[in-house]
1. N210 fails exactly one of the following numbered conditions: (1) assigned to a helix (DSSP H, G or I); (2) out of contact with any Phe, Trp or Tyr (no Cβ under 6 Å at 6 or more places or on another chain); (3) of a type in the set (S, T, N, Q). What is the number of that condition?
2. Run down A59, A80, A103 and say which single residue is touching a Cys at 6+ places or on another chain (Cβ under 6 Å) and within 29 Å of A238 (Cα to Cα).
3. Show me the helices (runs of 4 or more DSSP H) entirely contained within segment 1-110 in which 3 or more residues are more than 23 Å from N220 (Cβ to Cβ).
4. Say we look at segment 134-156 and pick out the residues that are crowded, with 24+ Cβ neighbours inside 10 Å and aliphatic (A, V, I, L, M); which of these is farthest from the chain's Cα centre (by Cα)?
5. Would a scan of segment 231-238 turn up a residue that is out of contact with any Ser or Thr (no Cβ under 9 Å at 6 or more places or on another chain), at pLDDT 95 or above and farther than 30 Å from Q52 by Cβ?
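The values are calculated or read from the model by the stated rules, or taken from the named source; none is laboratory data. Not measured: the values here are computed from a predicted model. Note that we place each Cβ from the backbone using ideal geometry, even for glycine, and neighbour counts take in every protein chain shown.
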Amino acid sequence: MSLYKNKINISKELEIYLSQQSLEGGYSTYTNKHKLLDCLNFECNNVQGWMQEHICVSAVSYYLMKNLEIDNTAKDKLLAFLQKNQNQNGLWNSYWWSSPIYATSFMLQAYFINNYKLNESILKAIKGLINLQQNDGSFIDNNKIKSPFYTALVIIALSSNEETCSKYQKEIKLAIQWLSSQQTTDGSFFSSYSLQIPEASVLNPKKVENWSKEENQTTNIICNDFMRLFTTSTCIKALDLYIKNESK
């Protein structure tokens, strides 16, 4: 997407990417089992969990297609896959992330690109996100830890549409207020443990009972981002988008 927005030809790369879509319509993180096994530096034979379609990866894929203005059966098939996998609470699960906020935010961001009408699925997703907000404006992960990263992703999602930005001003401003309090003296934002890496055989991360923060462990671990870069860039995007929309 970065190459595309900088007017660089990505036709070959895009062709490869689109060819990796599963029969069900989703996208996985890895597509070649043998190459994956060769790369892993620990004993592992079952990599089914890492090879399956991942909803969080598929949500970002849909966001990519909408940004690149791809309009074909691949996009329709992908959307059908995602709609099929929306939870009753309106949210989409995230395989590699410690909250459904990740996948749900990208689904909303993608939907709002050149689409302003709020359908039942989107309204349900927004309600699901709002229900996760804490009294101080923050949003928590699956481990009930307040997260600047996930709070920023909710702000981005709600601020990506004029109607939702207006309707949920109170919730957005409260989230902005809390997020601003999480900025450090060097300008970065505090990082939470947002990235999770289940064992390669695990199909459902919710079944992992204990997530480790030990650096010497390779799987079933939960990590924060290096030098707070991912968190900080997401928080900056959230604040910038809100400021731009508020000035309209």
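1. Failed condition: (1).
2. Within the list A59, A80, A103, the selection yields A103.
3. 2-5, 11-19, 55-67, 73-84
4. Here the residue is I155.
5. Filtering segment 231-238 for residues out of contact with any Ser or Thr (no Cβ under 9 Å at 6 or more places or on another chain) gives 233-234, 236-237.
Filter once more, keeping what is at pLDDT 95 or above: 233-234, 236-237.
Imposing the further condition that a residue be farther than 30 Å from Q52 by Cβ reduces the set to 236.
Looking for residues that are out of contact with any Ser or Thr (no Cβ under 9 Å at 6 or more places or on another chain), at pLDDT 95 or above and farther than 30 Å from Q52 by Cβ, one finds at least one in segment 231-238, hence yes.
Let's see how each residue does on (1) among the hydroxyl-bearing types (S, T, Y); (2) surrounded by fewer than 19 Cβ atoms within 10 Å (Cβ to Cβ); (3) at pLDDT 95 or above; (4) closer than 22 Å to W92 by Cβ:
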residue: S192; (1), (2), (3), (4): yes, no, no, yes
residue: L195; (1), (2), (3), (4): no, yes, yes, yes
residue: E214; (1), (2), (3), (4): no, yes, no, no
residue: Q217; (1), (2), (3), (4): no, yes, no, no
residue: I221; (1), (2), (3), (4): no, no, yes, no
residue: N224; (1), (2), (3), (4): no, yes, no, no
